[in-house]
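Heads up: the structure comes next, in structure tokens.
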Amino acid sequence: MAVASISPSTGGLVPEAQPRLQKPKLPLWKQIISSRWSYVFIAPWLIGTAVFGWYPMLSSIRYTLYNWTGFGEPTQFVGLRHFIKVATSPIFWRSVGNAVRYTVVLVPIQLSLALILAIILNNPRLRFSAIFRAAFFIPAICSVIVLAVPVRYLVLNLNRAVPQVFVDIGLFNRSLGFLQDSRYALSVITAFGIWQSFGYNLVFFLAALQSVPVELYEAATVDGAGRLAKLWHITIPLIRPVGVLILLLALLGSMRVFESVLALTDGGPFFATEVPMTYIYHYAFRPVRGMGGSINLGFASAAALFYSILLLGLTAGQVIVVRWSRARRRELGLSQ
Amino acid sequence: MKEKLNRRDFLKLASLTGASWILASCRPATPSPEQAQPSATPKPTEPQPTPKPIEPTQAPPPAEPVKLIQWDWWVTQGPWFDEEIQLFQEANPGITVERVMQREMDQALPLAFAEGKLPDFYMGGPPLTEQYNTGQWLAYDLSSFVDFPEFKNSFPNPEIDFVEGKNVFDGKCYTAPREARNAWWNQVFINLDLFDKYGITKLPDTDEEFLDAARKVTKDSGGAAYGYANGFATGWMNMLIEWQGARSFIVGGLDHRTHEYVYSKNPHYAGILEMLATLREEGLILPEASSIDDEGMRAMFADGKVAMINGGMWNVNGWKQTHPDFSHYTIIPPLILGDKQEYTYYTGPGQTGEPFYLGSTTRHPNEAWAWYKWLHTLESGIRWVKSGNGLSIFPEANDPKYITDQVWKDYVVWMPKLNRVGPSPEVRNPNTGKLNVAGPEPNFAAITGGVYAGEISVSQLPEVLAELDRQLTENFAIALEDAQKAGVDVKFEDFVFPDWDPLKDYITRPGA
């Protein structure tokens, strides 16, 4: 029988909420059976991920304990020596430093640019917005190597175009150019990275912006809010959870930069643009260039595992922040 | 309002998608033996049994046409291969040879081996010592052929042409030498048009003369030409350093007399790095050099943009293809940094040049052997020399009458004077090949790049080279200890040759 109570504010009767009828909880095996078709349809992708993702990853843990050229079975057990060498390698830590520098510069610039352009392109009255969207997104879907090679030659050809005055005051060395001069090489790679991949984030921000209810902007207009006020009080809070996710993905992606470095500088000059992925690649496939004497997949696997653990910390942070953003969206009454 | 997709239709669509995916991923029922590219997931395979060799030295016409698949990466030497294939096919009807360009031998060959689909004939790949250590033989045992003794005795110096631990393992031979026993094929090419134009009459012999010539060309041309360049993008920046200073220091930094690394002890290593730094600081290097590869640099040299470049003798044929009218150039021997020549280029016994192999899983061993023997005859050697690609293991083929290029004539005259057979630990004790020595970080090539880029200053060189020596020594000691712990019968003394004279041939005896 419903029980009523007196509302302290109105003095009227307020019926108590009816207890919700709950379904009896099924045993786990019955829950699985009831969702069997879901499992059937995700099975192919699960198997593919296991075969081409988890299995190689777990296998490579074994190789980290051996010297191995990739030919035949690994036989020379070295224990944890590779991990010690990676952890004490100045070049490895320099590569991590380069990746951090790349990330710290690229991510803020790229996300700011993507957000600004997304806001501009979100204007329904902007003509040819679809063309602009496609133009900005095309570099993101092209192969990085295909884009980087002509960019490399473009930058090369700038050697002779730099005014002599810069050469005379020591700001530029024609023998080195931009890509062989450690003062500029990483900047060139960063600029390339910003241009090549900001299209992804532009599309994500655009999608987030389009999920913001238009009525909020209309209500703000009625209340006399200007553009900046709308941006600060409506747009940014509502796209913040998505923005945080984009930020974390951008951070992780930047820390794993590889193709652009390989194509533009191959980690040179003298490791000034070496990043962990190229460090691993050079030990696994191209030892002659600057390190090592022969291919050592065991060492490369150890370096890859070591770096993965470092990035795991970043991923853990992502999980925490995603959970926070979901809670925030619940508070704001928005859908998950 | 659009109808939602019902469950039945969804299941039909998913089934169709899955079925088409499965069909698309099906392999052909009968894989083609000529399939060149192996799959990405290797499977273990049983080695093919060695077929019984035929008695005649020439392959009889096969019952059915045989196509031999050959993997190689030669470009400028390609025409020589094509000519040999044509002549071989005319002499051996029923046998054809198909060349497949393969630039990633180190990755592709093991994968092909795992699938039992090695090419019939190939070059490069994992070293024989590695195949011996792992027991996984990609290379065919040539000594299993009945006429192998006759083949071996056709070589000028069988004693050093076939050596246990080099191209023979446990009495079985896996490759034969074909090129002349010259350690290095890379030198400095001089554009004589530019030298004549800017009044340089003496070819550089020392590092100072090299710098003076570079300065003259760069300054007098006003930037239209530069003194020096290297195809740095090819990754051969160390070409000038390690290979051009070979008369003043030991390439590789290892003194075989004591098995000591001497990068920091011999001042000439730092000396030639200083020369490189000077070239860069004074702006004597072609601006595009840092990012253009060997072939691009070759073209710029022929176009008169740079006076001196590093390269191999393959450049000669490269220019014949791209700049047939360009011929006014020459080569110089390695520079002398001290007051006299102290060292040379060193080669070892056994195989020379780029070795060829037969694939151990070949289905046409006799026909492949006939092709292999063809390439290792005196006649083929003469055609090799005539093609301008190199010198032959047969001294008769290196007669100047077969050489049309003046550059090659000069090369033939002075290059043999700069080559010596060096000590060979693998011959003394084949177990020395079982050491797995980790490389230093960075190695000498990287240090060269660091000096060029200004990342390492000249004043830092003593410290950097000392660290290099320290790492090399430590890595060797670790490798030796690991091998001994694994039960390999090897000791430090196997690597020491106190009686070695760097200016004379040293013939290592097994067990001596």
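Okay, here's what the table says:
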item: Rule-of-thumb Rg ratio for region B:425-512 [Cα; 2.2 N^0.38 Å; N residues]; result: 1.37
item: Entries of B:434/B:504; B:417/B:504; B:265/B:340; B:219/B:305; B:172/B:373; B:197/B:219 with Cα pairs more than 20 Å apart; result: B:434/B:504
item: Cβ neighbours within 10 Å from other chains - mean over B:429-442; result: 4
item: Prolate/oblate/rounded call for chain A, Cα gyration tensor, a/c under 1.5 rounded; result: oblate
item: Calculated on alpha-carbon atoms, Rg and Dmax of region B:68-119 in Å; result: 12.7, 34
item: Share antiparallel - DSSP beta bridges, chain B, percent rounded to 5; result: 50 percent
item: Centroid-to-centroid separation of region B:321-361 and region B:246-296 [C-alpha atoms, Å]; result: 17 Å
item: Over region A:56-105, equivalent-ellipsoid semi-axes from the Cα gyration tensor in Å; result: 28, 13, 9
item: Global form of region B:83-234, assessed from the alpha-carbon gyration tensor, a/c cut-off 1.5; result: prolate
item: Relative contact order for chain B, counting Cα pairs under 8 Å that sit 6 or more residues apart, in percent; result: 21 percent
item: Relative contact order of region A:156-235, defined on C-alpha pairs under 8 angstrom at six or more residues apart (%); result: 17 percent
item: Solvent exposure of chain A as accessible area per residue, Å², 1.4 Å probe; result: 58 Å²
item: Hits among aspartates and glutamates - C-alpha to C-alpha of residue A:25 under 13 Å, sequence gap 8 or more where chains match; result: none
item: Residue B:373 accessible area, assembled protein chains, probe 1.4 Å, Å²; result: 30 Å²
item: Cα extents of chain B along the three principal axes, largest first (Å); result: 81, 79, 56
item: Residue-averaged beta-carbon neighbours from other chains (10 angstrom radius) around A:67-80; result: 5
item: Most fluctuating residue given options A:105, A:222, A:257, as computed from a GNM of chain A linking Cα atoms under 10 Å; result: A:222
item: Convex hull volume per residue for region A:124-232, taking Cα atoms only, in Å³; result: 173 Å³
item: Spherically averaged projected area in nm², based on the convex hull that wraps the Cα atoms of region B:323-395; result: 9.0 nm²
item: Solvent exposure, largest accessible area first (probe 1.4 Å, DNA, RNA and ligands not counted), of A:227, A:127, B:470; result: A:227, A:127, B:470
item: Crossing angle, helix B:7-24 versus chain B [Cα axis fit, 0-90 degrees, rounded to tens]; result: 60 degrees
item: Normalised contact order of chain A, rounded percent, pairs of Cα under 8 Å and 6 or more residues apart; result: 25 percent
item: Kirkwood-type radius of the protein assembly as shown, with distances r between different C-alpha atoms, in Å; result: 31.7 Å
item: With Cα atoms, 0 to 90° folded angle of helix A:36-49 axis to chain A main axis; result: 20 degrees
item: Set of lysines near residue B:12 by C-alpha distance (under 29 Å), chain-local residues within fewer than 8 positions excluded; result: A:30, B:2, B:4
item: Value of Rg/Rh across region A:193-320 [Cα atoms, Kirkwood radius]; result: 1.20
item: Heavy-atom accessible surface of region B:236-390: percent carbon and sulfur, 1.4 Å; result: 48 percent
item: Inter-chain Cβ neighbour average for residues B:443-454, partner chain, 10 Å; result: 6
item: Cα gyration tensor category, rounded, prolate or oblate, for region B:101-156 with a/c compared to 1.5; result: prolate
item: Area hidden from solvent between A and B (accessible, protein heavy atoms only, 1.4 Å, total, Å²); result: 3400 Å²
item: Cα-based Rg and Dmax for region B:247-400, where Dmax is the largest Cα-Cα distance (Å); result: 20.3, 60
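The values are calculated or read from the model by the stated rules, or taken from the named source; none is laboratory data. Keep in mind it's a predicted model, so treat the numbers as computed, not measured. With ideal geometry, Cβ positions are generated from the backbone for all residues, glycine too; neighbour counts draw on all protein chains shown. Note: accessible area is taken over every heavy atom of the protein model, side chains too, but ligands, DNA and RNA are not part of it. Shrake-Rupley method; radii C 1.70, N 1.55, O 1.52, S 1.80 Å.
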